[in-house]
1. Are any residues in segment 8-19 within 17 Å of Leu91 (Cβ to Cβ) and open to solvent by 20 Å² or more (accessible area, probe 1.4 Å), and if so, which ones?
2. Looking at (1) part of a helix (DSSP H, G or I); (2) surrounded by fewer than 13 Cβ atoms within 10 Å (Cβ to Cβ); (3) touching a strand residue (DSSP E or B) at 6+ places or on another chain (Cβ under 9 Å), which one does Ala2 not meet, given that it meets all the others?
3. How many residues are outside any helix (DSSP H, G or I) and acidic (Asp, Glu) if we restrict to segment 71-100?
4. Does segment 72-83 include one or more residues that are of a type in the set (Phe, Trp, Tyr) and in contact (Cβ under 8 Å) with a residue 24 or more places away in the chain?
5. Residues being surrounded by 14 or more Cβ atoms within 10 Å (Cβ to Cβ) and either over 12 Å from the mean Cα position of the chain (by Cα) or among the small types (Gly, Ala, Ser) (or both): count how many of those fall in segment 77-95.
6. Of the numbered conditions (1) part of a helix (DSSP H, G or I); (2) at pLDDT 90 or above; (3) within 22 Å of Cys7 (Cα to Cα), Lys30 fails exactly one; give the number of that condition.
7. Give all pairs with beta carbons closer than 7 Å in which a residue from segment 21-38 that is more than 11 Å from Leu49 (Cβ to Cβ) meets a residue that is open to solvent by 80 Å² or more (accessible area, probe 1.4 Å) and of a type outside the set (Lys, Arg); count only pairs at least 6 apart in sequence or on separate chains.
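The values are calculated or read from the model by the stated rules, or taken from the named source; none is laboratory data. Computed from a predicted model, the values in this text were never measured in an experiment. Note: ideal-geometry Cβ built from the backbone for every residue, glycine included; neighbour counts use all protein chains shown. Remember, those area values only see protein heavy atoms, side chains included, never the ligands or the DNA or RNA. Shrake-Rupley method; radii C 1.70, N 1.55, O 1.52, S 1.80 Å.
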Amino acid sequence: MANIGCCGVDCDACEARRATARRDNAALAKIAAAQESAGQGSFILPSRLRCTGCLEPGEKSVSCAECAIRECALASHIPHCGFCPDFPCELGSAVWEAVTEYKHNLEVLRSR
């Protein structure tokens with residue numbers, strides 16, 4: 001399976017992570033502008049979108065760096081929620097309801 005983050009996100013599919021790997025600041029600027037125009041918050045500096053992936057060393061995007069699910073998994077010394085005996089839990093429920101693919105990814109990993 002792909003590079004799955006703590007919440008079940010496929011980090012390999014993340015445009016910001018791929019742009020970071022390519023050192024493509026123009027792509028990060030486009031992602032930031034698209035988020036702003038889509039009403040996903042106020043303008044964010046493209047540099048705040050740089051991310052090497054949830055579990056990889058290096059920079060984290062503002063959303064990944066401040067992710068409560070990621071913080072919980074790291075504090076529990078597990079790579080993702082699929083290893084947690086409390087999965088699925090209330091902490092991740094809003095994310096997993098919004099993006100059911102993330103929960104599915106964790107369920108697949110959990111069943112292995």
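1. The answer is Val9, and nothing else.
2. (1)
3. So the count comes out to 1.
4. From segment 72-83, those of a type in the set (Phe, Trp, Tyr) are 83; that's our starting set.
Now drop any that are not in contact (Cβ under 8 Å) with a residue 24 or more places away in the chain, which leaves 83.
Yes.
5. Of the residues in segment 77-95, 10 are surrounded by 14 or more Cβ atoms within 10 Å (Cβ to Cβ) and either over 12 Å from the mean Cα position of the chain (by Cα) or among the small types (Gly, Ala, Ser) (or both).
6. (3)
7. So the pair list comes out as Glu36/Ser42; Glu36/Phe43.
Residue-by-condition table, conditions (1) surrounded by fewer than 20 Cβ atoms within 10 Å (Cβ to Cβ); (2) outside any loop (DSSP other than H, G, I, E, B); (3) of a type outside the set (D, E, K, R):
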{"position": "Phe43", "(1), (2), (3)": "yes, no, yes"}
{"position": "Ser47", "(1), (2), (3)": "yes, yes, yes"}
{"position": "Cys54", "(1), (2), (3)": "no, no, yes"}
{"position": "Pro57", "(1), (2), (3)": "yes, no, yes"}
{"position": "Ile69", "(1), (2), (3)": "no, yes, yes"}
